[in-house]
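Computed from the coordinates by the stated procedures, all read-outs in this text should not be read as laboratory data. As the structure is a computational prediction, the values presented were derived from the model and not from experiment. Reconstructed Cβ throughout: ideal geometry from the backbone, glycine too, with neighbour counts over all protein chains shown.
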Amino acid sequence: MVRAAVKDGHFGRPLALKRGLVLEGRPARRHTGCQDQSSPGAIMRDNDLFQLALGITSPWFVASSDFDAAQKRLDIRVDFQSGSRFACPDCNTDGCPVHDTTEKTWRHLDFFQHQAFLTARVPRVTCTRCGVRQVGVPWARKGSGFTLLFEALAMTLVTHMPVAAAARLM
């Protein structure tokens, strides 16, 4: 993957992109999901930032992100914690163990001018009442190849302009 470098407009020297985020000369605190658990001076990593921005909560987490400037593409990989149990999507029985997983990808809102995609291992669970069932993900509708936010933007655009014009924007 290509890591882009940006120029500091004032001094004209290149700034190396790092995996951490520093705001106003001070490192941002790492988000741990718990209050007052972050260590002073910890740096917020790109995966932590994406997890917060996407609103992804436990047992889901952002496992990795790959940015390819040449392809104008950002790929964010979402996973779930090992040993997680999920509710049956049919009868809502809680605590069903994971049977297996399938990898799925969803188109998300653009990251500036770059296309963004979420990819995740989606579990199927074994329910004692219903058998093996595919679990839904919180960021997309069942059977959709788009995130809920992408679909909301698309629906808004097509109500205000011709569908072909909206498709060109997306």
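The modelled label-to-label distance between T156 and K72, using points 7 Å beyond Cα along the C-beta direction, is 2.1 nm.
Here the gap between T57 and L169, fully extended at 0.36 nm per residue and compared with their Cα-Cα distance, gives a gain of 37.3 nm.
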